[in-house]
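Chemist: I have a structure here, written as C-alpha cells, and I will follow up with some questions on it.
The values are calculated or read from the model by the stated rules, or taken from the named source; none is laboratory data. Just so we're clear, the structure is a prediction, and the values are computed from it rather than from any experiment. Quick reminder, even Gly has a Cβ in these numbers, built from the backbone with ideal geometry, and neighbours come from all protein chains shown. Just so you know, the surface numbers come from the protein's heavy atoms only, side chains and all, with ligands and any DNA or RNA stripped out. Shrake-Rupley method; radii C 1.70, N 1.55, O 1.52, S 1.80 Å.
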There are 4 protein chains.
Amino acid sequence: MREPTAVQQTRRDVGPITDRGAARRRQLLDAARRVFERQGFTDARVADIVKEAHASHGTFYTYFDTKEAIFVEVARTVIEDMHEDMAVAVPTSGLDLRVHDAIDRFIHAYRPNAAIIALMEQLALDSVEMRALRLDLRDSFVQRTRRGIERMQADGSVPADLDVEYTAEALGAMLEYTCHLWFSLGKEFEERRLADALAGIWFATLHPEGHGAP
Amino acid sequence: MREPTAVQQTRRDVGPITDRGAARRRQLLDAARRVFERQGFTDARVADIVKEAHASHGTFYTYFDTKEAIFVEVARTVIEDMHEDMAVAVPTSGLDLRVHDAIDRFIHAYRPNAAIIALMEQLALDSVEMRALRLDLRDSFVQRTRRGIERMQADGSVPADLDVEYTAEALGAMLEYTCHLWFSLGKEFEERRLADALAGIWFATLHPEGHGAP
Amino acid sequence: MREPTAVQQTRRDVGPITDRGAARRRQLLDAARRVFERQGFTDARVADIVKEAHASHGTFYTYFDTKEAIFVEVARTVIEDMHEDMAVAVPTSGLDLRVHDAIDRFIHAYRPNAAIIALMEQLALDSVEMRALRLDLRDSFVQRTRRGIERMQADGSVPADLDVEYTAEALGAMLEYTCHLWFSLGKEFEERRLADALAGIWFATLHPEGHGAP
Amino acid sequence: MREPTAVQQTRRDVGPITDRGAARRRQLLDAARRVFERQGFTDARVADIVKEAHASHGTFYTYFDTKEAIFVEVARTVIEDMHEDMAVAVPTSGLDLRVHDAIDRFIHAYRPNAAIIALMEQLALDSVEMRALRLDLRDSFVQRTRRGIERMQADGSVPADLDVEYTAEALGAMLEYTCHLWFSLGKEFEERRLADALAGIWFATLHPEGHGAP
DNA sequence: TATGAATGAGGTTTCATTCAT
DNA sequence: TATGAATGAAACCTCATTCAT
C-alpha cells in the first residue's frame, strides 16, 4: 500500500473547511453507520460506504484516514447518544423503582445502538484504540451506578460493607452482556420477564436480608 | 477459482486413516490453537499455522476445509475442556460455599480458554455456526446453574417465586462477561475481591431477606 | 475464499465510465487475445495478460470477472469479425464462381481467427456458454449457406429434392474442420488444391448429373 | 514437484511383471476411461481415477508416468477399436451402397468413442503427442477412403481427373466434424436424414454428372 | 506391489488506499 | 473538492506427484 501524500494527510487533519465539505463528511458518516449495521465491520467495504453516500473513493479519503477511522467516529457518536440517553434525571422514589428505572433506561439506550456496540466489542480484541473506547463506554455507566450505590450507602439504605466498586462492575457486566445476547446474538428473551429478573438481582444485592426499607 | 473435488472433500470428511495421519492432524490443531491465541483469528494466516506445525500448505488442506473449519475444531476442544472442568462433583455444604465454589470453578475453567472463547464471541457475529457453538457453550453452564437453583427451590432454601430460568441466564451473563473483561479486554481485577463480589450477588439473589438458612 | 462484492460486480457490469477506463479495457482485451493465441487458454495466466497489457492484477479484475470472462469477450470479437468478413456482397455470376467465392471468403475469414476459434472449440466441451457461442458462430454461416442454396432451388439450378438443411450442415462441417486441420492442427495443405477440391465437392453436390447449367 | 526416483521410473518403464500387476494396470485403464468420459480431461483428477479403480495414488504412479500418459493409453485403445470396427470387408455392390455402408460404419464406430475422441481433439492443441495421435487416427480413415476412390478410378467409375487425395481429406473432415457436432457438442440430428445427406454428397462427388453407372 | 500421507509451486481474486485529472 | 482508475500485497486453496512404510 502506498504511503499517504502530505497534501491529502493535511487535508484530513484539518477537516472540512466549507459547509459543503462538512455536509459531505456527515453523509459519509451516516452511510458508514448504516453499512456497518447491515454488514458488520469486516464485510463492510469502503466501496459500499461510498456507494451508500453517493460519493467516490477519493472523497472518502478526503475526510477519513482509514476504514477503522470512520468506524471510530461512528462509535463515538453512539457513545455520546448513550450518555445522553442515560443522563436523564432519576426519579427519587423507592429503591425498587429506581432500580427498575435504571435497567429500563439501559435497555432502551442499548437497543438502537446494539449493532455498533457489538462491533466495538468485536474490534476491541484487535485494536487498542477500540478497546479503550469500549472500556470507556462501560466505565461511564459503571461509575454512574457506583455513585448511585454510594449515595445509598451514605443514607444507610445499602449496607456499608458492600464492595461498591466491584459490585457495580459485576452488575454492569450482567446488563451489558444480557443485552448483547439478546440484541446481537439473537437469543430470545421476553422483555418484561428479563427486566424483572435483572431488577430482582440488583435489588437483592443492594438490599440484602431486609436491610433498610425499599 | 477452483472448487474442491468430491474426492478431496471425502478425504477430509473421513479423516485420517493411519496413526501417522491422526498425529499430523493433532499437530495442526495444536499449532492452530497456539496461533489463534497469539494472533487472533483475522491475523492468523494458514501459513502461520502450517509453519507452527512444521507442515506444508497441502497437508493443512488434507485435513481441514478452511481456516474457519480448523477454528471450529479448536473451539470444540475448548468447549469439551470446559465441560469437563466444570463437571466436577459439587461439595454439598452450605449455599454460601456452594456459590463460592461454582464461581471459582467457572473462573478456573475460563481463564486458560479465554483467548479462544473471545474469538468465538468475535466470530459469532459473522457466522451462524459459531453463534450456535457459542450459545451452546453458555447454555450448558446456564442450564447447570438453573438445575442447581431448582434443586434448592425444591428443598425450600430458595424462594419458590424466583424466575429461575431468567435469573440463571442473567447470573451466567454476569460471570461470562466479567471474565471476558478481565482476561480478554485486560481490565484489571483483584481475583479475591472479584470472586467475593460475584458470590455476594449470587448469594443475595438466591437467599434474599433471610429466606431459609445459609 | 472471498466472494466478489456486489459493488465490485456492479462496476464490472456497468463497464468503464471514462475514456481512460475504456482504453484500458481495450488494452486488456487486445493483450488477452495475443496471449491466448500464443499460449492457449489453459497455459495463459492472468499474470501474462496483465503483463502484456502493462497493467496490474487489480486492474484486470476491475474490468473482468475471470479469465473465462475475458476469453468470452475476445471470442465475441472474433465472431463479429467473421460475420463482417463473410457478409460481403456475393458476385452474381455462375454457380461455379459463386461456390469458389464462398469458399475463398470462408478461408480468408477463418485464417486470422483460427487460434481463437480453436480455443472456442476446446472450451466448448467444458462450458455451456462457450458451446452456445461456438454453435452460434457456425450456425450463422450454415444458415447463410442454406439460404443461398434455397434461392438456387427456387430458380431451378439446384434439384428440388435436395435436403438443403442437412446438406448445408454437412458442407459447413467440411469447411470448418478442414480449416481447423490446416490452421490449428498444422496439417499441410496447398491452398489452391484444397480450395479446388472443396469447391468441387460443393459444386457436384449442388449441381449433380448436369442438373441446370453452371 | 519432485523429480521421479530412479527406482519408480524403472518400474514404470518395465511394466507389470506379475499377472496381478497386469490386472491392476487394466483396472486403472478402465477406470480412467470412465472418468475421462464422465468428467473430461481437465476435470478428471488422478484421485478420481484411483478411487474408481479402488486403488491408491501410489499404485497409479507404479503404472503410469502422468495423467497425460494414462490418457494416451486410453486413446490408443480407442484408436485400435475404431480401426477394427472399420476394417470389416466392404460388400461389393454398387457405389451408392458402398458409400452408404462406409458412412454408416463410420458413424457406428465413432459413436461409442465420441467422448474420448473429443478429448483427443481438445488435447491435440496443447500436446504434440496427442496431435500426432489424433492425426494418425484420421489418416488411417482418410487413406482407406483414398484407396477406395483410387480403385474406383482404376475401373473408370470415378473421373480420372478427381484430386483423390484432397477430396478424401475433405470428405473425411466432413464426416468427422459432423459426428463431433452430433455426439460431442450436442447438436441434434436425425440419424437417417443425416446419413442420407452425407451419402448424397459423397455420391455426387464421386459420380458427377452421370459419369459411369452406379 | 500397495498404500496414503506429504509436498509446494502455482494460480486466482480481493480490496484498502493512492493519485492523476 | 470530487472523481474513479490503478495499484499490488496478500490470502486462500488445489492437485499432480513423490516417498516412507
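Chemist: Taking D:THR178 as the residue in question, decide whether it is in the same structural domain as D:MET82 (by TED's automatic domain parsing), buried (at least 21 other Cβ atoms within 10 Å of the Cβ), within 15 Å of the chain's Cα centre (by Cα) and without any contact (Cβ under 8 Å) to a residue 40 or more places away in the chain.
Modeler: Considered against the rule, which asks whether it is in the same structural domain as D:MET82 (by TED's automatic domain parsing), buried (at least 21 other Cβ atoms within 10 Å of the Cβ), within 15 Å of the chain's Cα centre (by Cα) and without any contact (Cβ under 8 Å) to a residue 40 or more places away in the chain, D:THR178 comes out as yes.
Chemist: Turning to a different aspect of this structure: More than 7 Å from chain C (Cβ to nearest Cβ), in contact (Cβ under 8 Å) with a residue 40 or more places away in the chain, buried (at least 22 other Cβ atoms within 10 Å of the Cβ) and under 19 Å from C:VAL142 (Cα atoms): is that true of D:LEU198 in this structure?
Modeler: no
Conditions (1) among the acidic types (Asp, Glu); (2) facing another protein chain (nearest Cβ under 7 Å); (3) more than 19 Å from A:TRP182 (Cβ to Cβ), marked per residue:
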| position | (1), (2), (3) |
| --- | --- |
| B:ALA124 | no, yes, no |
| B:ASP139 | yes, no, no |
| B:THR145 | no, no, no |
| B:ILE149 | no, no, yes |
| B:GLY156 | no, no, yes |
| B:ALA160 | no, no, yes |
| B:VAL164 | no, no, no |
| B:LYS187 | no, yes, yes |
| B:ALA204 | no, yes, yes |
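Chemist: Here's another thing I want to ask about it. Quick one: is D:ARG25 under 20 Å from D:ILE116 (Cα atoms) and outside the structural domain of D:ASN113 (by TED's automatic domain parsing)?
Modeler: yes
Chemist: If you don't mind, another one. Yes or no: A:ILE70 within 16 Å of DNA strand F (Cβ to nearest atom), in contact (Cβ under 8 Å) with a residue 12 or more places away in the chain, hydrophobic (A, V, I, L, M, F, W, C) and under 21 Å from B:LEU125 (Cα atoms)?
Modeler: yes
Chemist: In addition: Condition first: modelled with pLDDT under 90, outside any helix (DSSP H, G or I) and more than 16 Å from DNA strand E (Cβ to nearest atom). Can you find one or more residues in region B:55-73 that meet it?
Modeler: Within region B:55-73, not a single residue is modelled with pLDDT under 90, outside any helix (DSSP H, G or I) and more than 16 Å from DNA strand E (Cβ to nearest atom).
Per-residue answers, yes or no, for (1) among the aliphatic types (A, V, I, L, M); (2) open to solvent by 20 Å² or more (accessible area, probe 1.4 Å); (3) farther than 30 Å from B:GLN9 by Cα:
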position	(1), (2), (3)
B:SER56	no, yes, no
B:PHE60	no, no, no
B:ALA75	yes, no, no
B:GLU80	no, yes, no
B:MET86	yes, no, yes
B:ARG105	no, yes, yes
B:ARG111	no, yes, yes
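Chemist: Does at least one position in region D:130-137 carry a residue that is more than 9 Å from chain C (Cβ to nearest Cβ), in contact with a Gly (Cβ under 7 Å, 6 or more places away or on another chain) and farther than 26 Å from C:ASP139 by Cα?
Modeler: No, that holds for no residue.
Chemist: Which one of B:ARG45, B:ARG34, B:ARG11 is at pLDDT below 95, open to solvent by 50 Å² or more (accessible area, probe 1.4 Å) and closer than 26 Å to A:THR42 by Cα?
Modeler: Exactly one residue qualifies, and that residue is B:ARG45.
Chemist: Take region A:99-113 and flag every residue that is touching a residue at least 40 places away in the same chain (Cβ under 8 Å) and away from every other protein chain (no Cβ under 11 Å).
Modeler: A:VAL99, A:HIS100, A:ALA102, A:ASP104, A:PHE106, A:ILE107, A:TYR110, A:ARG111
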